Amino acid sequence: MSAGINYSEKIPNNVNLSEDRTLQRALEQWQPNFISWWDDMGPDGSTPYEVYLRTAVSVDPQGWAQFGHVKMRDYRWGVFLNPGEKDRKIHFGDHKGEAAWQEVPGEYRANLRRIIVTQGDTEPASVEQQRHLGATAPSMYDLRNLFQINVEEGRHLWAMVYLLQKHFGRDGREEADALLQRRSGQEDNPRILQAFNEQTPDWLSFFMFTYFTDRDGKFQLCALAESAFDPLARTTKFMLTEEAHHMFVGESGVSRVIARTCAAMNELKTDDAKRLRAAGVIDLPTIQRYLNFHFSVTVDLFGADESSNAATFYSTGLKGRYEEGKRVDDHELRGQTYKVLAVQNGALVEKDVPMLNALNEVLRDDYIKDSVAGVERWNKVIDKAGIPFKLSVPHKAFHRNIGALAGAKISPDGRVVSEAEWNAKKDAWLPSGEDRAFVASLMGRVVEPGKFANWIAPPVMGINRQPVDFEYVRFN
Ligand SMILES: [Fe+2]
Ligand SMILES: [Fe+2]
């Protein structure tokens, strides 16, 4: 198999799709349903727009992308896998040392299907969550970035649907259909994971989401890229190269909001939230509260701190740890322990549990380390402006809804607090209705090339070396 992608077929691919007629037919039947889902749930009102998008032309690390103006519904969604590694071996769990699987072993079919469906479900969900944001884009540059992310999440759905259709027969086809039927936030048929049923109502939420929640995607994909099921490993590796841009949009987006706020603080010589809001920028404590919300909702996505499923997924070789190959242990983890948190006698305590059962927590902790690094980069922007304020990620026990800490009342600095204290302070810790209404009040559409909404600084540079005032979207 080559790294190049065949665009001459109805479904662009680098998996020799035309050699598997049954699969090709199944995917070609699914394709119009995907397009009609896109028409219904993709970016609202965007059908006539031509957007300066990158399209994958190869899975080579160098130069896989080609840029040009395309209508999003004509985007060439397809199936792209990283090249296989010759004689790849399973490198963790009970099957360590055996050849990686090219087909799904019967005994792991149900678990693998569940893993793929759960990952696949998040992809269209985020498109649905973001579908109204185009109406309030702070610039044409940002609008283009939103759309780029949206089409790529659509492609990630294709990536998972390919695996389902190719390897899971009739069940796979049914799951592929169901992925187009669930809807983010819909009561009777919601998306599988809670963070993907929350709203993304404004652009500060969008940037926080792409920073924190797309980063959850990165960690899940990294864990799946280790899988003994080789097609899953190869698919997720290519998805990861697309994911990097999503997190860039989040990190640079928040950074630009902060830069604009700091500039206004220095102009007005004030840190008074009221005065800053009157000047049309988002005060730093509000940014901190949004951060607290998105961080806590996202760390829940890693699942229960102790989980026998996590142990099974690892031992059977379905899902590894982040950077499994770089770790120096036995890659079986039997008899090892890991610390998880619990509330005991009104205090947070650590307890040792079997590491295999704590693998969700292991991945969560790796994710947290990675998240903190970007927050430190945001702090540099504040620091450079000479403002004595520091953003921080809240304690991982704060505002949790999954696992042993679900519903516990923990402050952002990790103290167990009373119900009364929680109620008195929650509006200082999480975005209040008033915060959200204020941020919403700033959202207005700015789409003249090179113009930016007042609450956000322009980016340092444009996309693909184009100028910042490039016509990234033609509205027609
Ligand atoms: Fe994705
Ligand atoms: Fe993403």
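The values are calculated or read from the model by the stated rules, or taken from the named source; none is laboratory data. On a predicted model such as this, the values are computed, not experimentally measured, just so you know. Using ideal geometry, Cβ is built from the backbone for each residue, glycine included, and neighbour counts are taken over all protein chains shown. In case anyone asks, the SASA skips ligands and DNA or RNA and just uses the protein heavy atoms, side chains included. Shrake-Rupley method; radii C 1.70, N 1.55, O 1.52, S 1.80 Å.
Each Lys and Arg contributes +1 and each Asp and Glu -1, all at the Cβ; summed about the Cα centre of the chain, the dipole is approximately 720 debye. Electrostatic tally near Gly303: other residues with Cβ closer than 10 Å to its Cβ, Lys and Arg +1, Asp and Glu -1, net -3.
If one computes the Cα centroid of the range 369-427 and of the range 286-351, what distance in Å separates the two points? So the two Cα centres are separated by 18 Å. When nucleic acids and ligands are ignored and a 1.4 Å probe is applied, Thr200 ends up with an accessible area of around 10 Å². For Arg109 and Lys380, what is the calculated FRET efficiency with R₀ set at 41 Å and r taken between the beta-carbons, to the nearest 0.05? That pair, Arg109 with Lys380, gives E of 0.25. Here the extension length gained between Lys96 and Asn401 equals 106.3 nm, from 0.36 nm per residue of separation less the Cα-Cα distance. Each residue, Asp352 and Asp60, gets one label point 7 Å from its Cα in the Cβ direction; the gap between the two is 5.2 nm.
Take the Cα of Gln344, step 7 Å toward its Cβ, do the same at Asp329, and the gap between the two points is 2.1 nm.
When only the heavy atoms of the protein chains count and the probe is 1.4 Å, how do Asp271, Asp40, Asp365 rank by accessible area, highest first?
Asp271, Asp40, Asp365
Looking at the range 15-152, the accessible area is 41 square angstrom per residue; that uses a 1.4 Å probe and ignores ligands, DNA and RNA. For the residue pairs Lys89/Lys396; Lys351/Lys409; Lys96/Lys218; Lys218/Lys269; Lys339/Lys426; Lys319/Lys380, the alpha carbons lie more than 30 Å apart in Lys89/Lys396; Lys218/Lys269; Lys319/Lys380.
Here the chain exposes an accessible surface that is 48 percent carbon and sulfur, computed with a 1.4 Å probe and the other protein chains kept in place. Computed on the Cα atoms alone, the convex hull of the chain gives a volume of 152 cubic angstrom per residue.
Taking the helices alone, the chain has a mean residue ellipticity at 222 nm of -15000 deg cm²/dmol, built from -39,500 (n - 2.57) per DSSP H run of at least 4 residues and averaged over all its residues.
Each pair of Cα atoms in the range 243-318 enters the Kirkwood radius, and Stokes-Einstein at 37 °C and 0.692 mPa s then converts it into a translational diffusion coefficient of 213 µm²/s. When the Cα centres of the range 1-63 and the range 79-134 are compared, how far apart do they sit, in Å? After rounding, the separation between the Cα centres reads 19 Å.
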